[in-house]
Amino acid sequence: MDKKVRVRYAPSPTGFLHIGNAQSALFNYLFACHFDGTMVLRIEDTDTKRNVENGEASQRDNLHWLGIDWDEGPNKPNPKYAPYRQSERNAQGIYHKYIQELLDKGIAYKDYTTEEELKEMRERQRANKEAPHYDGRWYGKSEEEQKAAEAKGLKPTIRFHFPKNHDYEWDDIARGHVSFNSDNLGGDFIIEKSDGMPTYNFAVVVDDHSMDITHVLRGADHISNTPKQIAIYEALGWEHPTFCHIPLIFNPKTGKKLSKRDKDTLQFISEYKRHGYLHEAIFNFIAFLGWSPKGEREIYSKDELIKVYDPDRMSKAPAYFDQKKLDWMNGQYIKQMDIDELTKRTMELVAEGETDEAKRLQSIPEDQLEDLLKKTLGVHQRDVEKLLEVMQYAWDYYNVLNQEFDYDQILAKDGFTKEDVTAVLQNLRAKIAEGRTDYAAAIKEVGKETGIKGRYLWFPLNFAFTGAISAPQIYQIMDIYGEQTNLALLDRMIDALK
Ligand code: GLU
């Protein structure tokens, strides 16, 4: 790279941080870090009707949770480039200055077409089987005609005039060579709305240019905007940055772009967080949506990704969202993580109380909860894929005496007799009543003393403590319960079998 790299992530605060936004942010972040460049956060809030309250804060907080930070932005202004919110930039007249320049050059013009006229135009084009386009009716109109429209109280939009049959081309990092002809771009397009706000396609050019952005990495849904933006760069005599259009994320179930309406797929970063995905795993997973390093390996830390990131390996094909892979990956991260750290993170989820699982656990005193979660992780660290599952298990263990077990099931199994099952339970009960807490050793002794072995020993105990035939590490679970509960569970089953 000859120039110092400057990239930007430019969300519109119209919703909460979606996995598609996070993907754009993440590739910009990897790009900036890999090339030792600067990452800018710019807030594109000119569509005031679509802005949501806390939209910007949600972007910021969730990006931070993911481990993505920036060097410049509303909270870290560089005086050379600030402000970083388009609404503030607009108030300073930054955009209108260039709109005026294009008006003066005759490349932009005022358009007084009314909503009804536009609708008619669209309908006529549809009837004639033409692609929808603005027909340029106000291009080259005289000042008198404009004044007459003003006198009628009409407020103009400002449109950019395309030259005829002109190719707009660029070499896209992900897509290779891309070309559009000006005749197929929907006609002259609006660059300033009648309320004086610039449109996205105009503001983005002024900002990328004036913020010295060298590379624009953004979702492939913006490919058709790029020729319009290049037209503005040309008209203002500016060089355009290098573009990289990141593959869109597809839902494998619908075969289409992942949509916020696909209710069966978690898509917001806050949801991953709430369900107990680890941010390290999400970062790793998203980095593989539209990109992959050489080789088969899939687990990479953030630092490793920064190191191996190679923009030339950005893919052109859509990235299919694979929920199973995400869960697997999260499970891998859970397995690798220190149990104290996992406990801490689960405690945080409980404190945030954003799921029923978390809310229920809030009723448990904090030090007891910490012990419960840590021991539950001790049993399940190797078999869960999300911390939400840990919270579920913890609650089930905590609340075991309120659950009903169907003890008759055990006697329905081949070879299990009431006498043997009861002997095992009674023998262990006596040991626990003596105060034994070395449960693994105690169970072994039960086997020796009763002469009952294998499944005939373990199944009844699994049943007594979990209500199921197979259970992991039964003695660890007994350690979670403690003496009183263990005795109560054994008594309950002994009684039921009488
Ligand atoms: N505000 C635009 C969006 O959220 C940014 C597109 C771009 O990066 O140019 O889609």
Checklist entry - Can you name the condition, by its number, that G435 falls short on among (1) at pLDDT 95 or above; (2) over 27 Å from T346 (Cα atoms); (3) in a helix (DSSP H, G or I)? => result (3)
Checklist entry - How many of the residues making up region 1-49 are over 21 Å from the mean Cα position of the chain (by Cα) and not hydroxyl-bearing (S, T, Y)? => result 12
Checklist entry - Within region 383-391, is even one residue in contact with a Leu (Cβ under 7 Å, 6 or more places away or on another chain), of a type outside the set (V, I, T) and within 30 Å of D491 (Cβ to Cβ)? => result yes
Item to check | Number of positions in region 458-480 that are crowded, with 19+ Cβ neighbours inside 10 Å and within 17 Å of A430 (Cα to Cα) | outcome: 5
Checklist entry - Do we have E341 as assigned to a helix (DSSP H, G or I) and either modelled with pLDDT under 95 or out of contact with any helix residue (DSSP H, G or I) (no Cβ under 9 Å at 6 or more places or on another chain) (or both) here? => result yes
Checklist outcome for this item: Among K359, K374, K316, the single one that is under 22 Å from the mean Cα position of the chain (by Cα) and among the basic types (K, R) is K316
Checklist entry - Pick from region 26-50 the residues that are surrounded by fewer than 18 Cβ atoms within 10 Å (Cβ to Cβ) and modelled with pLDDT under 90: which of them is farthest from P11 (Cα to Cα)? => result K49
Next on the checklist: Quick test of your reading of the structure: R89 fulfils all but one of (1) touching a residue at least 24 places away in the same chain (Cβ under 8 Å); (2) basic (K, R); (3) exposed (fewer than 15 other Cβ atoms within 10 Å of the Cβ). Name the failing condition by number.
Outcome noted: (3)
Checklist entry - Given the structure, is D262 surrounded by 15 or more Cβ atoms within 10 Å (Cβ to Cβ) and in a loop (DSSP other than H, G, I, E, B)? => result yes
Checklist entry - Looking at region 222-251, which of the residues that are within 17 Å of the chain's Cα centre (by Cα) and not in a strand (DSSP E or B) is farthest from the ligand (Cβ to nearest atom)? => result P247
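Having 2 or more residues that are within 14 Å of the ligand (Cβ to nearest atom), in contact with a helix residue (DSSP H, G or I) (Cβ under 7 Å, 6 or more places away or on another chain) and of a type in the set (A, V, I, L, M) is the bar; report the helices (runs of 4 or more DSSP H) wholly within region 8-115 that clear it.
In region 8-115, the matching helices (runs of 4 or more DSSP H) lie at 19-34.
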Checklist entry - Somewhere in region 383-403, is a residue of a type in the set (D, E), in a loop (DSSP other than H, G, I, E, B) and buried (at least 18 other Cβ atoms within 10 Å of the Cβ)? => result yes
Next on the checklist: Tell me yes or no: at least one residue of region 246-258 is closer than 30 Å to E115 by Cβ and either buried (at least 18 other Cβ atoms within 10 Å of the Cβ) or not β-branched (V, I, T) (or both).
Outcome noted: yes
Checklist entry - Would you say E370 is more than 20 Å from L489 (Cα to Cα), at pLDDT 95 or above and either among the polar types (S, T, N, Q) or part of a loop (DSSP other than H, G, I, E, B) (or both)? => result no
Item to check | Pairs where the first residue, in region 72-86, is within 12 Å of Y9 (Cβ to Cβ) and at pLDDT 95 or above and the second is charged (D, E, K, R) and outside any helix (DSSP H, G or I), C-beta under 8 Å, 6+ apart | outcome: G73/R42; Y84/R42; Y84/E72
Item to check | Options V205, V216: the member that is within 13 Å of the ligand (Cβ to nearest atom), over 14 Å from the mean Cα position of the chain (by Cα) and over 23 Å from C33 (Cβ atoms) | outcome: V205
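Quick grid of which residues meet (1) assigned to a loop (DSSP other than H, G, I, E, B); (2) surrounded by fewer than 19 Cβ atoms within 10 Å (Cβ to Cβ); (3) out of contact with any Leu (no Cβ under 9 Å at 6 or more places or on another chain):
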| position | (1), (2), (3) |
| --- | --- |
| L154 | yes, yes, yes |
| I158 | no, no, no |
| F180 | no, no, yes |
| D183 | no, yes, yes |
| I191 | no, no, no |
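The values are calculated or read from the model by the stated rules, or taken from the named source; none is laboratory data. None of these values were measured; they are calculated from a predicted model. Virtual Cβ from ideal backbone geometry, glycine too; neighbours counted across all protein chains shown.
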